[in-house]
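Student: Here it is, the structure in full.
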Amino acid sequence: MSNFSVGFRNNGSIQILDLRGELDAHTASELEAAIQKCQAGSSFQIIINGSNLAYISSAGLGVFMAYIEEVRENGGDIKIAALQEKVFNVFDLLGFPLLFDITPSEEEAIAKFEE
Amino acid sequence: MLSQTKQELETRAEPEKKKSRESVILLSILFTVSFILGIAYHLFEWKTGSTGPLSLQLASQAVLVVGYTSLYFVLHQIYRTRRSRPAKSLWTILIAGAVLLGVESVASRLGGPSVLPGLEAPYNLVGLDTETGIPFVLASIFKMNVLALSQIAFALILLLKLQDLVLVKRSKISQRNWFAMVGIMAITGLTFFASRPGSSPGEVQIIAMIVAVVFMLVNSFRLSWIVFLPFKEKLATIGLTLLLGVMLLLGVGVLNESAIDRLISPGAASYLEMYSYSIFNFVGLATLFGLLYATTASLSLLFHLPTSGEFTQRAGERATMQSLAHLVGQVFDADKLYATIAAAPVEAGSAHVSWLAVSDFKSGSLTPSLVSSHRIELETVEKLVDSKALFDEVLLSKTHLHLEHAPTDHRVDAKPGDGIGSLLVTPLIARDEVLGALFAAKEVIRGFEGDDIQTIGILSSQAAVAIDNARLFEQQVERERLSRELSIAREVQQKLLPQKIPALEGLSIAASSVSAQEVGGDYYDFVQLDERKLGIIIGDVSGKGTSAAFYMAEMQGVFQSVTRLAPSPCEFLSHANTALAHSLDRNVFISVVYGVLDLEKEEFVVARAGHCPVALVGQARLGEYVRSGGLGLGLDRGSLFRETLEEERISLEPGDVFALYTDGVVESRNESGEEYGYDRLLSTLQKHRYQDAEVIHKSILDDLALFLNHGNYDDDMTLLIIKWHGIELPETTPRVLETEEST
């Protein structure tokens, strides 16, 4: 039933999460689990790759809000990259670009970590 | 329903009952007439001193046979309707025998002695001609008739009551054997029809007797009723059968002329012999069968005594099954259910102690908790047995686990005195899910036999169904309670939304809000700031359902209290952000648009806190979204919110239409996954912009419904349409021109 999945990748010390499908109230817990897993593995540099994320609801956005503080306290960050236009619009409407680094591509997000 | 069927059965049984009652009456009359005719014949013999012609003799015999056959059927009808327990049948026979003895002993002594000593029966009778049977005195007639009647009646009762026993667990064959035996006994009796009393039987008669005896033997081994008796009843029944045997042997009936027989009822049998030689033989055969049956029954009872325990255990199992089967319906009291299930193995006689562990289905964990025990304390169980480890094993194997030598198992910490020698763990499986485990223990090692394991297995599957039902029932109750609560919550939430839309001159407003679930996180409201100033808010709490609804209620509180203090949209939203920051969860935020319509200044000042932008169409406007900057409420708790928030001032022109909505409108997707979208919303607004707010509102919802092509929304959806018609003033025309120039 769930048409959402999270893929894990590494780029050096950066943990990249590939989101696929639709992130809504039902699937938000899967992203939560994925971020918790990163934290448990002491990876606090996280890039969310949204190139395959087709839809995000407000509950999905809430997941980022729930963890960002903790990740930043640990010297890391959650950067969001390669969002589809429609999904970016949802982030943008709420003002997420003011709170998160949202980059057009994964490479730019990696570059930002390396700064 | 049930009582009705019962009634129907009764009414249907009514004519049959009536018919049998009628036949009993008819047969009784027939018997009485025959009996009186018999007496009349004897009176005739006494009066004339001769037997009359042979035809009369035979006719009188035939009348007697017909009469007593009638009596047989009368008794048969009476007893058929009253079937009784084995012991009671035997008691009836014994009492009938005792009555017979009493009657015989009195009757045979009336009017002087009945027999002469030293002569062979039946030639020793006094008071009648032993050659012809002609009575010499009236007393003989009386004695003969009374003694014959009582002896025959006893023989018939004996047969009919033994029939009850023989035909327990009847089959077609056993029934046929029984009636064949009775028939052959009757036929054997009839072969003596023309014989002189006291004459020795011929070849035919001997063959008939042998056949009768063979059938008697066959029937005397029909003893199925014995195995069902409990131990004590078996003992008592042995007594009864022995008593019956002795009674029949010593002279109740017509088997022989023993010393005691002579002592109690001298000549009774001989009188019957004189009365009717064929009936005398039938009665003799019946007595013989009684004796045979009493013998086989008492021996069989004796041999079955040691196995009584087994049968008691079986009976216990059946009773336990039945009580469990009832429990399947009794799902209201989980504790009672658990107690009954925990006790079942012990009550069925398959274990010495037992206890029950069930997994906690509410928390969804598979960790079992001990819920009930029987003949052992739960604390003791916890100390002696690692029930969880054993449960885990049957959880995986889904079959029973039998520890023949329990104390040697690492999961059992019992010493020989603790009562756990062997342990049987049976999973309770319903719908392929292990709901718990039933633990049964015996004091001895290797205590569980195959049938114990089987019994407990059956108990367990019954128990699993009962527990499953109880759980489903509980879930159903919970679900109903929740849905009731939610419908109350829905009512409350509906009251948080404006009950009526404010009416301001020159303005038309239409609004609606639907929740995907019972309650939702969408909010809209109005506040009349002064006569020509209206504050309008629309908001959307992130997430759905109950938690969103609570924050929506909080938003409503903030709106109602803060707007009057902070009239500008930016001020209000900043206050609201501060007010809500403490109570919102970190992952929850509220997107809001707040605008103030000033009809005096003819402007709409609007600020957007992360919400979908206001759509604006007008007479001369192309249609646009007012997308000022701003974060959702609760996203930032510091100064960033205030710093990034922008206000937009829009000069009102007559015909301007504003649409405020939640993402449920634009993000609603049809079956092919396409979103309704901002463009479609704007063009629909354009199309209907000349209508008033009510019509535009309806048109958009209709268009959305048409687009979705299905009735259910998967998100909360709120739509608010505001139309500024302008105020009818004399200088309207120049004003319009003026504004047109400015754009």
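The values are calculated or read from the model by the stated rules, or taken from the named source; none is laboratory data. This one's a predicted model, so the numbers in the text were calculated from it and none came from an experiment. Heads up, the Cβs are rebuilt from the backbone with ideal geometry, glycines too, and the neighbour counts pull from every protein chain shown.
Student: Given B:LEU119, B:LEU138, which one is at pLDDT 80 or above and of a type outside the set (Ser, Thr, Tyr)? Break it down into steps so the answer makes sense when it comes.
Tutor: Details: B:LEU119 fails: at pLDDT 80 or above.
None of the other options fit; the residue is B:LEU138.
Student: For B:LEU635, which of the numbered conditions (1) modelled with pLDDT of 95 or more; (2) within 30 Å of A:MET65 (Cα to Cα); (3) crowded, with 22+ Cβ neighbours inside 10 Å fails to hold?
Tutor: Going through (1) modelled with pLDDT of 95 or more; (2) within 30 Å of A:MET65 (Cα to Cα); (3) crowded, with 22+ Cβ neighbours inside 10 Å one by one, B:LEU635 breaks only (1).
Student: For residues in the stretch B:691-711 being in contact (Cβ under 8 Å) with a residue 40 or more places away in the chain and not in a helix (DSSP H, G or I), which is nearest to B:ALA503 (Cα to Cα)?
Tutor: It comes out as B:ASP692.
Student: I'm checking my understanding of the structure. Among residues of the stretch B:365-419 that are touching a His at 6+ places or on another chain (Cβ under 9 Å) and of a type outside the set (Lys, Arg), which one is surrounded by the fewest Cβ atoms within 10 Å (Cβ to Cβ)? Break it down into steps so the answer makes sense when it comes.
Tutor: Of the stretch B:365-419, the ones touching a His at 6+ places or on another chain (Cβ under 9 Å) are B:375-376, B:386, B:389, B:394, B:419.
Retained after the next criterion (residues that are of a type outside the set (Lys, Arg)): B:376, B:386, B:389, B:394, B:419.
Values: B:ILE376: 21, B:ASP386: 14, B:ALA389: 12, B:VAL394: 21, B:GLY419: 17.
Here the answer is B:ALA389.
Student: Then there is this: For the stretch B:381-395, which residues satisfy the criterion of being in contact with a strand residue (DSSP E or B) (Cβ under 9 Å, 6 or more places away or on another chain) and more than 10 Å from B:PRO368 (Cα to Cα)? Break it down into steps so the answer makes sense when it comes.
Tutor: Here is the first cut: in the stretch B:381-395, the ones in contact with a strand residue (DSSP E or B) (Cβ under 9 Å, 6 or more places away or on another chain) are B:381-382, B:384-388, B:390-395.
Scanning the stretch B:381-395 gives B:VAL381, B:GLU382, B:LEU384, B:VAL385, B:ASP386, B:LEU390, B:GLU393, B:VAL394, B:LEU395.
Student: Does B:LYS143 fit the bill of being among the charged types (D, E, K, R) and more than 22 Å from B:SER89 (Cβ to Cβ)? Before the answer, list the steps.
Tutor: Working: among the charged types (D, E, K, R): yes; more than 22 Å from B:SER89 (Cβ to Cβ): yes.
Answer is yes for this residue.
So that you can scan it fast, the table gives a plain yes or no per residue for (1) over 60 Å from the mean Cα position of the chain (by Cα); (2) surrounded by fewer than 24 Cβ atoms within 10 Å (Cβ to Cβ):
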{"site": "B:VAL519", "(1), (2)": "no, no"}
{"site": "B:ASP530", "(1), (2)": "yes, yes"}
{"site": "B:PHE572", "(1), (2)": "yes, no"}
{"site": "B:HIS575", "(1), (2)": "yes, yes"}
{"site": "B:LEU580", "(1), (2)": "no, yes"}
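Student: Looking only at residues in the stretch B:632-652 that are among the hydrophobic types (A, V, I, L, M, F, W, C) and touching a residue at least 40 places away in the same chain (Cβ under 8 Å), which one is farthest from B:GLY677 (Cα to Cα)?
Tutor: Taking the stretch B:632-652 first, the residues among the hydrophobic types (A, V, I, L, M, F, W, C) are B:633, B:635, B:640-641, B:645, B:650, B:652.
This time we only want the ones that are touching a residue at least 40 places away in the same chain (Cβ under 8 Å), so: B:633, B:635, B:641, B:645, B:650, B:652.
Numbers: B:LEU633: 24, B:LEU635: 25, B:PHE641: 27, B:LEU645: 25, B:ILE650: 24, B:LEU652: 26 Å.
Filtering the stretch B:632-652 for residues that are among the hydrophobic types (A, V, I, L, M, F, W, C) and touching a residue at least 40 places away in the same chain (Cβ under 8 Å), the one farthest from B:GLY677 (Cα to Cα) comes out as B:PHE641.
Student: Hey, among the residues in the stretch B:420-434 that are of a type in the set (A, V, I, L, M, F, W, C) and surrounded by fewer than 24 Cβ atoms within 10 Å (Cβ to Cβ), which one's nearest to the chain's Cα centre (by Cα)?
Tutor: Looking only at the stretch B:420-434, we keep the residues that are of a type in the set (A, V, I, L, M, F, W, C), and these are B:420, B:423-425, B:428-430, B:434.
This time we only want the ones that are surrounded by fewer than 24 Cβ atoms within 10 Å (Cβ to Cβ), so: B:429-430, B:434.
Working: B:ILE429: 18, B:ALA430: 16, B:VAL434: 22 Å.
The qualifying residue nearest to the chain's Cα centre (by Cα) is B:ALA430.
Student: Continuing with the same structure: What about B:VAL126, is it modelled with pLDDT under 80 and of a type in the set (A, V, I, L, M, F, W, C)?
Tutor: Details: modelled with pLDDT under 80: yes; of a type in the set (A, V, I, L, M, F, W, C): yes.
For B:VAL126, the condition - modelled with pLDDT under 80 and of a type in the set (A, V, I, L, M, F, W, C) - is met.
Student: Which residues, taken from the stretch B:448-460, are more than 14 Å from B:THR340 (Cα to Cα) and in a helix (DSSP H, G or I)?
Tutor: Step one: list which residues in the stretch B:448-460 are more than 14 Å from B:THR340 (Cα to Cα), which gives B:448-455, B:457-458.
B:GLY450, B:ASP451, B:ASP452, B:ILE453, B:GLN454, B:THR455, B:GLY457, B:ILE458, listed by residue number.
Student: Residues that are in contact with a Pro (Cβ under 8 Å, 6 or more places away or on another chain) and β-branched (Val, Ile, Thr): does the stretch B:430-447 have at least one?
Tutor: yes
Student: Restricting attention to the stretch B:167-207, which residues are of a type in the set (Gly, Ala, Ser), under 60 Å from the mean Cα position of the chain (by Cα) and surrounded by 15 or more Cβ atoms within 10 Å (Cβ to Cβ)? Spell out the reasoning first.
Tutor: First pass over the stretch B:167-207, keeping only residues of a type in the set (Gly, Ala, Ser): B:171, B:174, B:180, B:183, B:186, B:189, B:194-195, B:198-200, B:202.
Imposing the further condition that a residue be under 60 Å from the mean Cα position of the chain (by Cα) reduces the set to B:171, B:174, B:180, B:183, B:186, B:189.
If the condition is that a residue be of a type in the set (Gly, Ala, Ser), under 60 Å from the mean Cα position of the chain (by Cα) and surrounded by 15 or more Cβ atoms within 10 Å (Cβ to Cβ), then B:SER174, B:ALA180, B:ALA186, B:GLY189 are the ones that fit.
Student: Select the strands (runs of 3 or more DSSP E) contained entirely in the stretch A:1-114, then report the ones holding at least 2 residues which are surrounded by fewer than 20 Cβ atoms within 10 Å (Cβ to Cβ) and either at the interface with another protein chain (Cβ under 10 Å from one of its Cβ atoms) or out of contact with any Ser or Thr (no Cβ under 6 Å at 6 or more places or on another chain) (or both). Show your work before the answer.
Tutor: Values: elements: A:4-11, A:14-23, A:45-56, A:77-81, A:101-103.
By residue number, A:4-11, A:14-23, A:45-56, A:101-103.
Student: Check the stretch B:489-506 and report whether any residue there is within 49 Å of the chain's Cα centre (by Cα) and either on the phi > 0 side of the Ramachandran plot or within 14 Å of chain A (Cβ to nearest Cβ) (or both).
Tutor: Filtering the stretch B:489-506 down to residues within 49 Å of the chain's Cα centre (by Cα) leaves B:489-497.
Imposing the further condition that a residue be either on the phi > 0 side of the Ramachandran plot or within 14 Å of chain A (Cβ to nearest Cβ) (or both) reduces the set to none.
Looking for residues that are within 49 Å of the chain's Cα centre (by Cα) and either on the phi > 0 side of the Ramachandran plot or within 14 Å of chain A (Cβ to nearest Cβ) (or both), one finds none in the stretch B:489-506, hence no.
Student: Okay, next question. Of these, B:SER668, B:SER683, B:SER672, which one is free of Cβ contacts under 8 Å to residues at least 12 places away in the same chain and of a type in the set (Ser, Thr, Tyr)? Steps first, answer last, please.
Tutor: Working: B:SER668 fails: free of Cβ contacts under 8 Å to residues at least 12 places away in the same chain; B:SER683 fails: free of Cβ contacts under 8 Å to residues at least 12 places away in the same chain.
Among B:SER668, B:SER683, B:SER672, only B:SER672 is free of Cβ contacts under 8 Å to residues at least 12 places away in the same chain and of a type in the set (Ser, Thr, Tyr).
Student: Can you go through B:LEU94, B:LEU56, B:LEU37 and tell me which one is out of contact with any Ser or Thr (no Cβ under 6 Å at 6 or more places or on another chain) and in contact (Cβ under 8 Å) with a residue 40 or more places away in the chain? Can you show your working first?
Tutor: Details: B:LEU56 fails: in contact (Cβ under 8 Å) with a residue 40 or more places away in the chain; B:LEU37 fails: in contact (Cβ under 8 Å) with a residue 40 or more places away in the chain.
Every option except B:LEU94 fails the conditions.
Student: Looking at B:ILE29, B:ILE95, B:ILE39, which one is at pLDDT 90 or above and either out of contact with any helix residue (DSSP H, G or I) (no Cβ under 9 Å at 6 or more places or on another chain) or not in a helix (DSSP H, G or I) (or both)?
Tutor: Working: B:ILE29 fails: either out of contact with any helix residue (DSSP H, G or I) (no Cβ under 9 Å at 6 or more places or on another chain) or not in a helix (DSSP H, G or I) (or both); B:ILE39 fails: either out of contact with any helix residue (DSSP H, G or I) (no Cβ under 9 Å at 6 or more places or on another chain) or not in a helix (DSSP H, G or I) (or both).
Being at pLDDT 90 or above and either out of contact with any helix residue (DSSP H, G or I) (no Cβ under 9 Å at 6 or more places or on another chain) or not in a helix (DSSP H, G or I) (or both) holds for just one of B:ILE29, B:ILE95, B:ILE39, which is B:ILE95.
Student: For the stretch B:476-504, what are the residues that are among the charged types (D, E, K, R) and either surrounded by 12 or more Cβ atoms within 10 Å (Cβ to Cβ) or closer than 21 Å to B:MET555 by Cβ (or both)? Spell out how you get there, then give the answer.
Tutor: Going residue by residue through the stretch B:476-504, those that are among the charged types (D, E, K, R) are B:478-481, B:484-485, B:490-491, B:495, B:500.
Selection gives B:GLU485, B:ARG490, B:GLU491, B:LYS495, B:LYS500.
Student: B:GLN560 passes all but one of (1) buried (at least 24 other Cβ atoms within 10 Å of the Cβ); (2) away from chain A (no Cβ under 14 Å); which number fails?
Tutor: (1)
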